[in-house]
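Input: a single structure, listed below in structure tokens.
Nothing in this text is a laboratory measurement; each read-out follows from the coordinates by a stated rule. Note that this is a predicted model, so its numbers are computed, not measured. Because the Cβ atoms are built from the backbone with ideal geometry, glycine has one as well, and the counts that use them run over all protein chains shown.
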Amino acid sequence: MLGLMATSALAGAAGWGYHITRPEVRFARGYAAAEAGDYVRAETYAEILKSSGELDRYRLLMAEISLRQKQPLKAIEYLQAIPPDSPLSTEAALMVARISIGLRRPHEAAQAIAFVLQRNPDHVDAHRWLATIFYDQGDLLRTIPHLEKVAELDPNDARPHRLLGLIYRDLEKLEEAVAAYRESLRRNPRPPDEDELRVEMAVCLIRLYRETEAIDVVQGLNTPAAAALRAEAMLALGREVEAVELLDRELAKHPDYIGLLRLRGERYLHSGDAAKAIEILERVVREAPHDLRSRNQLARAYHVAGRTADEEAQNREVKELLDLIQRVHDKNIEAMADPWDAATRRELADLCEKIHRPELARMWRRAAEAAERARR
């Protein structure tokens, strides 16, 4: 009996010894030590892996240690030493991508992710990252298939359709945009940006002459943007009095909201009060100089008021803005031909400054900087 117990104890000890010397266990313990900031202990496990012939796990662990010690370039060196045919190559490539994104080197990240997708075409996070990279570079056409793949692979994720709606709207594919917004809301009926999403969807519906649907979509939203869209849809449906009452009520609460002001100025012009229309529309144009619609309406108001010189000046502004918008459109198409074309992105940044869209200018400048790094 004692012999049997001793044998069992020895077998248990041998099993435990085998467990703690397994490469994956050593790696896990080294990783945990690195996570805890105990780099000496983490490197000890790394050296044990190296001495036992587990070179790729050693490199992966050293990359993690280097990254946590704020040495990202050293981490990439370790990761790039892992051969492409290694079982750990996919994990290494994903880590390279993560580090490269942190270093603002999206081109290198995209190359690493492309390798992952060669090995595993259904890697959902790889598709997520590529979608983000191409979107940040302003390449909407390359973004779409990766978002669609994410939506297919993760049917509970509402975010791909959220972004698809925005992209299709910008590409003037309004039916597709509405369908994408609806699917996003089906997957997650209460997203954090629900108000914004519904407003974007309502804009598309109004442009599709589906005003009743637009009103339904923003029903219950207590934002000035939603109120402006409800008023615009009412006007299209012939509900003039109701729309004007809504505008006046909302302007009392949100006197500086451009969308409400523009519509109210248009209603004054429609009713023949050119002076009041001019007062409001001039304010809108001062605060939103890129608002082409308000400039057009202001030119009309000047015409009604007999202010010919002001009308001609405003029409020149309209023509100049239209020309700039067309150039932005053409350059956008050019940019989508090559996500790493820095010159086109710099031109787009300059054009966006001229049409008074500083947020878009900043986006294109960041994309140009990333493209320049890709060419080095």
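Over region 229-345, what is the mean sequence separation of C-alpha contacts under 8 Å (at least six apart), divided by residue count, expressed as relative contact order in percent?
Contact order relative to length: 14 percent.
Please give, to one decimal in nm, the separation of the simple spin-label points placed at ASN156 and VAL241, each 7 Å out from Cα toward the Cβ.
5.2
I need to check one value: relative contact order of the chain, counting alpha carbon pairs closer than 8 Å and at least 6 residues apart, in percent.
9
Over 18 Å apart: what share of the alpha carbon pairs of region 250-300 falls there, rounded to a whole percent?
Tail of P(r) above 18 Å: 20 percent of Cα pairs.
Nothing charged except the Cβ atoms of Lys and Arg (+1) and of Asp and Glu (-1): what's the magnitude of the dipole of region 267-335 about its Cα centre? Round to the nearest 20 debye.
Dipole about the Cα centre, nearest 20: 180 debye.
Would you mind telling me which residue in LEU73, LEU147, LEU164 has the biggest mean-square fluctuation in a Gaussian network model of the chain, where springs connect alpha carbons within a distance under 10 angstrom?
Fluctuation is largest for LEU73.
Relative to the Cα centre, what is the charge dipole magnitude of region 125-257, using +1 at the beta carbon of each Lys and Arg, -1 at the beta carbon of each Asp and Glu, and rounding to the nearest 20 debye?
280
In nm, give the distance between the simple-model label positions of ARG68 and ASP256, each being 7 Å from the Cα along the Cα-to-Cβ direction.
Roughly 4.8 nm, to one decimal.
Which of the trypsin sites (Lys or Arg not before Pro) found in region 52-160 are loop residues per DSSP with 14 or fewer other Cβ atoms within 10 Å of their Cβ?
Passing sites in region 52-160 are LYS70, ARG104.
Could you tell me which residue out of SER294, LEU263, VAL318 lies farthest along the dipole of region 256-321 toward its positive end? Charges go on the beta carbon: Lys and Arg +1, Asp and Glu -1, centred on the Cα centre.
LEU263
Return a whole-number percent for the relative contact order of region 256-321, with Cα pairs under 8 Å and 6 or more residues apart as the contact set.
Result for region 256-321 is 27 percent.
What does the extension gain come out to for ASP323 and GLU353, with contour length at 0.36 nm per residue minus their alpha carbon separation?
So the extension gain works out to 9.4 nm.
If I build a Gaussian network model for the chain, linking alpha-carbon pairs within less than 10 angstrom, which residue out of SER51, SER89, SER184 has the largest mean-square fluctuation?
It is SER51.
Leaving out same-chain residues fewer than 8 places away, which lysines sit with a Cα under 21 Å from that of LYS74?
Candidates past the 8-residue exclusion: LYS50.
Rounded, prolate or oblate: which fits region 116-183, taking a ≥ b ≥ c as square roots of the Cα gyration tensor eigenvalues, rounded meaning a/c under 1.5, else prolate when a/b beats b/c?
It is oblate, given that a/c is not under 1.5 and a/b is not larger than b/c.
Using θ = phi - 60° and the Karplus form 6.51 cos²θ - 1.76 cosθ + 1.60, what ³J(HN,Hα) does each residue of region 209-219 get, whole Hz, x for Gly and Pro?
Each residue of region 209-219 in turn: 6, 10, 5, 4, 4, 4, 4, 4, 5, 9, 4 Hz.
Against the empirical 2.2 N^0.38 Å scaling, what ratio does the C-alpha Rg of the chain come to?
1.40
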